[in-house]
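Here's the structure, in structure tokens; my notes come after.
The values are calculated or read from the model by the stated rules, or taken from the named source; none is laboratory data. A quick note: this is a predicted structure, and the numbers were derived from the prediction, not measured. Note that we place each Cβ from the backbone using ideal geometry, even for glycine, and neighbour counts take in every protein chain shown. In case anyone asks, the SASA skips ligands and DNA or RNA and just uses the protein heavy atoms, side chains included. Shrake-Rupley method; radii C 1.70, N 1.55, O 1.52, S 1.80 Å.
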Amino acid sequence: MNATTTLSYSYLIIGAGRVARHLAHYFQLLNLNFTTWDRNQSDSDFQSKAATATHILVAISDSALETFYSEYLKNFDDKVLVHFSGALYFKGMIAAHPLMTFGTDLYDLKSYQQIHFALTGCDELNEALPGLPNPFSAVFAFEKARYHALCVLGGNFTTLLIAKMLEGFAEMKIPMSAAKPYIEKVIENTLANPDEAFTGPLARKDVVTVEKNLQALNNDPYQAIYKAFLETLWPEYPRK
């Protein structure tokens with residue numbers, strides 16, 4: 001696998017999911033040269049598009065990556081091969097994980113340019129994704145599983161907890177506009193001072209309030225999540 005040494009490069013983006021769609025839109029905004037391919041197109045289309053690309057970007061599920069590499073890519077020694085998995089790394093492909101959540105709506109150029117890439121298998125973003133002005137960091141292969149677990153804890157699980165809060169508020173006829181400044185300030189305070197941002201009954205060791213919270217969550221599967229935080233953050237909690 002050799003990085004392109006000239007300024008002439010072109011991309012083939014493989015996939016039809018959110019990451020592939022957002023990448024293609026970002027590349028359009030940057031006026032980069034690219035084509036796309038997914039399983040709805042023929043193998044001959046893949047071969048012709050791959051032949052003209054210097055960089056092949058594989059934006060598919062983690063579970064399909066190594067099989068796809070073995071079936072389609074392992075003989076492309078003259079191409080730079082890149083995937084976007086946060087957890088997976090194997091020889092033959094660069095891992096360039098975008099530290100971002102990708103929704104159904106496409107973003108503006110500034111939002112894309114702020115995405116930080118975690119690189120494994122190369123030292124510079126210009127090797128994996130030339131033409132992108134984004135910040136990046138190197139993540140060793142042995143660190144990737146923990147790195148991605150932290151992404152899930154801070155991102156995916158946070159989304160579920162906020163969605164649970166909004167669902168409960170909606171049942172009480174409390175509008176989303178009421179929760180929005182609270183959630184935004186929680187995130188702002190956490191980013192500004194993560195060691196001091198944690199508040200609430202667990203932070204102040206308020207047994208009475210914690211018990212009321214747990215009782216209110218009886219028959220709710222999220223009670224187990226509350227208890228998991230309780231056991232982790234307050235192991236000496238005086239359980240009844």
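At-a-glance table
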quantity	calculated
Subset tally (residues that are closer than 19 Å to A24 by Cα and among the hydroxyl-bearing types (S, T, Y)) for segment 34-91	7
Tally, over segment 161-178, of residues that are within 20 Å of the chain's Cα centre (by Cα) and surrounded by 11 or more Cβ atoms within 10 Å (Cβ to Cβ)	2
Every residue from segment 165-186 that is of a type in the set (A, V, I, L, M) and farther than 20 Å from I225 by Cα	A170, M172, I174, M176, A178, A179
Residues being under 14 Å from the mean Cα position of the chain (by Cα) and free of Cβ contacts under 8 Å to residues at least 12 places away in the same chain - total across segment 112-148	1
Positions within segment 5-46 being open to solvent by 40 Å² or more (accessible area, probe 1.4 Å), without any contact (Cβ under 8 Å) to a residue 60 or more places away in the chain and closer than 18 Å to M100 by Cα, in sequence order	A16
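Condition check ((1) out of contact with any strand residue (DSSP E or B) (no Cβ under 8 Å at 6 or more places or on another chain); (2) closer than 17 Å to Y237 by Cα; (3) among the charged types (D, E, K, R); (4) open to solvent by 60 Å² or more (accessible area, probe 1.4 Å)) across all residues:
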site: K180; (1), (2), (3), (4): yes, no, yes, yes
site: I183; (1), (2), (3), (4): yes, no, no, no
site: P194; (1), (2), (3), (4): yes, no, no, yes
site: L202; (1), (2), (3), (4): yes, yes, no, no
site: L214; (1), (2), (3), (4): yes, yes, no, no
site: P221; (1), (2), (3), (4): yes, no, no, yes
